[in-house]
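Below: one structure, written as structure tokens.
The values are calculated or read from the model by the stated rules, or taken from the named source; none is laboratory data. The shown structure was predicted, so the numbers you read here are calculated from the model rather than taken from an experiment. Cβ placement follows ideal geometry from the backbone for every residue including glycine, while neighbour counts extend to all protein chains displayed.
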């Protein structure tokens, strides 16, 4: 019996979930490391763990698609829109 995407998502640690959202939002490993106050290597390890736990091939697009299907990017995309609006009005 295959696990559903939600069941797979629920196997992730809180930190892996944070990294998944940021990767799927287009942040680089260096940017994620800075945002989460961890090393770039730690981000790489989290990404590798995500690919393994979610049964994905090592492709960035698959992480993004997985996060979108679960609706994880909606809040982040709205936040980026507000951030872009704030910057353009300054």
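Run down 70, 50, 54 and say which single residue is in contact (Cβ under 8 Å) with a residue 24 or more places away in the chain, closer than 22 Å to residue 7 by Cα and within 10 Å of the chain's Cα centre (by Cα).
Numbers: 70 fails: within 10 Å of the chain's Cα centre (by Cα); 54 fails: within 10 Å of the chain's Cα centre (by Cα).
Every option except 50 fails the conditions.
Residue by residue through region 28-59, note down the ones that are more than 14 Å from residue 16 (Cα to Cα), modelled with pLDDT under 95 and either touching a strand residue (DSSP E or B) at 6+ places or on another chain (Cβ under 7 Å) or surrounded by 14 or more Cβ atoms within 10 Å (Cβ to Cβ) (or both).
56
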